[in-house]
Structures are given as C-alpha cells and as structure tokens.
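This report concerns only the one structure given below.
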C-alpha cells in the first residue's frame with residue numbers, strides 16, 4: 001500500500017493512518033512525497049511503521065529544481081532526505097525525465113543516489129492533464145536513452161523481479177546496495193503485468209493511472225456493505241473493468257483527462 005497525493009504529508013492524520021495500516025500486517029507500506037515536510041515528520045512516520053519512502057528529486061541544481069517544481073526549495077528537500085535516512089530504511093528518488101531540463105544531470109543524479117545510499121528510478125513523462133500533449137512533445141525522453149547514458153559509467157546488473165513488484169525494471173551496480181530503476185509507460189508498455197489500482201480521497205477505486213474509469217466504494221460502504229461483499233465487489237470490478245492498457249500511444253496529440261495531483265502516482 002502506498003499513500004500518494006497531491007502531497008500526503010499535508011494530511012493531518014497521515015501518521016495515524018500509517019500506524020493503522022502497519023498494525024493490519026501490511027508489510028510493503030510506502031509514501032510518495034515531494035519531501036518538503038520530511039524534516040518534521042520523518043521520525044514520526046518511521047515510528048508509525050513506515051519502511052519505504054519515494055521522494056521526487058528531478059534536479060540537483062537549485063535553480064532548475066525551483067523551475068521544475070514551480071517554486072521548490074532543493075536544500076529543504078535534501079535536508080528532509082538526510083533526516084529521513086536516519087530512521088527509514090528504504091528511500092527511493094523519483095526522477096521524471098525531461099529532455100531540456102534534467103537529461104544532462106542523469107549521471108550526477110545516479111552518482112548522488114549511489115553515494116548517499118538511496119534507490120533511484122527514472123520515469124518517462126506522461127501526457128496527463130491539460131498540458132500533457134505539449135509537455136510530452138517538448139520534453140519526452142525514453143528510459144532507453146537514460147539507461148544508455150548511465151551505462152557509459154556504470155555496468156548495470158538486472159535485479160530479479162518479485163510477483164508484487166511495481167512497473168519498474170530494476171538494476172544494481174557492483175559495490176552498491178542501491179537500485180536503479182526505469183519506468184517506461186510510453187516506450188516499453190507494461191500494462192499486461194500491471195497489478196495496481198488507486199483509491200481516491202473521495203472513495204473511488206480507479207483502475208488505471210492513464211484513464212478515469214473506476215467504481216465508487218464509499219456509497220456502498222455507507223449503505224452497509226460488509227467487508228466480505230466489498231472484497232467481492234473489488235474483485236469483480238477489477239477483473240471485468242480494469243482496462244487492458246492505457247491509450248497514451250493511440251492519440252499522440254491528445255492528453256489523457258487525468259491529473260496526477262488528483263489521482264496519485
């Protein structure tokens with residue numbers, strides 16, 4: 001289970017929710033965050049049972065970071081990362097590949113992750129929201145290009161995949177514990193192996209990040225649906241209605257009507 005956003009660290013009861021889910025026995029429990037509040041909350045999150053953390057870090061250049069994040073403070077995010085590292089054992093850096101913004105930084109980002117003991121994964125930009133099509137045309141870089149860039153200085157060794165792994169292809173580098181991952185929604189479609197759904201803050205179970213199809217769970221729960229019947233409903237809907245694949249490549253000039261900040265990454 002992963003708590004995403006928007007920005008989940010803004011949610012006032014997040015630590016309590018983490019503790020509740022941890023008490024249920026869910027072992028793979030993580031949070032995706034922009035890192036702004038990590039310096040304040042990392043200790044409490046770890047005490048609640050959080051073992052994994054994904055932090056957006058698209059650049060190590062303060063001016064670039066500020067521009068990409070529209071006002072972000074790189075030093076604050078780095079401070080939060082280093083504080084979180086003291087209590088949260090597995091931290092992953094998420095880097096969205098942007099041709100004219102951070103492609104030249106790929107070696108530096110990898111070296112930073114390896115030196116500091118963080119995992120890192122590179123993600124192809126997706127045509128989501130109103131600016132999706134323009135963004136993709138101007139900024140798209142395939143993970144194959146990123147992988148080739150990294151391979152010039154590091155020999156990448158493929159990591160074995162577990163049944164509950166996410167969409168990333170993971171690699172290691174000899175002498176380092178860090179993973180280097182690549183997520184390729186555009187160039188190397190992984191829909192056939194996708195095992196993820198998303199539950200929104202309004203109680204909708206959404207089947208695919210690239211589409212808006214889903215089922216309302218809040219209404220049936222408020223009407224008295226039992227946990228067993230809820231599980232049956234989810235199984236039935238996912239089996240029969242989860243799309244075969246996203247359609248990013250079918251209409252290159254059109255963005256999907258989905259906003260990451262509303263649905264979560």
| message | Given the condition assigned to a helix (DSSP H, G or I), more than 18 Å from the chain's Cα centre (by Cα), assigned by TED's automatic domain parsing to the domain that holds residue 51 and under 18 Å from residue 44 (Cβ atoms), answer yes or no: does some residue in the stretch 82-96 qualify? | response | yes
| Of the numbered conditions (1) modelled with pLDDT of 80 or more; (2) surrounded by 14 or more Cβ atoms within 10 Å (Cβ to Cβ), residue 258 satisfies every one except a single condition; which is it? | (1)
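Being free of Cβ contacts under 8 Å to residues at least 12 places away in the same chain and exposed (fewer than 12 other Cβ atoms within 10 Å of the Cβ): is that true of residue 231 here? Step through it out loud before you land on a result.
On the way: free of Cβ contacts under 8 Å to residues at least 12 places away in the same chain: yes; exposed (fewer than 12 other Cβ atoms within 10 Å of the Cβ): yes.
So residue 231 fits the description; yes.
Among 50, 57, which is in contact with a strand residue (DSSP E or B) (Cβ under 9 Å, 6 or more places away or on another chain) and in contact (Cβ under 8 Å) with a residue 40 or more places away in the chain?
On the way: 50 fails: in contact (Cβ under 8 Å) with a residue 40 or more places away in the chain.
Residue meeting the stated conditions: 57.
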| remark: Across (1) at pLDDT below 95; (2) farther than 20 Å from residue 2 by Cα, residue 123 clears everything bar (2)
| query | Which one of these does residue 164 not meet: (1) over 25 Å from residue 74 (Cα atoms); (2) without any contact (Cβ under 8 Å) to a residue 60 or more places away in the chain; (3) exposed (fewer than 14 other Cβ atoms within 10 Å of the Cβ)? | reply | (2)
| note | Here, strands (runs of 3 or more DSSP E) confined to the stretch 159-249 with at least 1 residues that are in contact with a strand residue (DSSP E or B) (Cβ under 9 Å, 6 or more places away or on another chain) and not assigned by TED's automatic domain parsing to the domain that holds residue 7 are 204-206, 214-216
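The values are calculated or read from the model by the stated rules, or taken from the named source; none is laboratory data. Since the model is a prediction, treat every value here as computed from it, not as a measurement. Because the Cβ atoms are built from the backbone with ideal geometry, glycine has one as well, and the counts that use them run over all protein chains shown.
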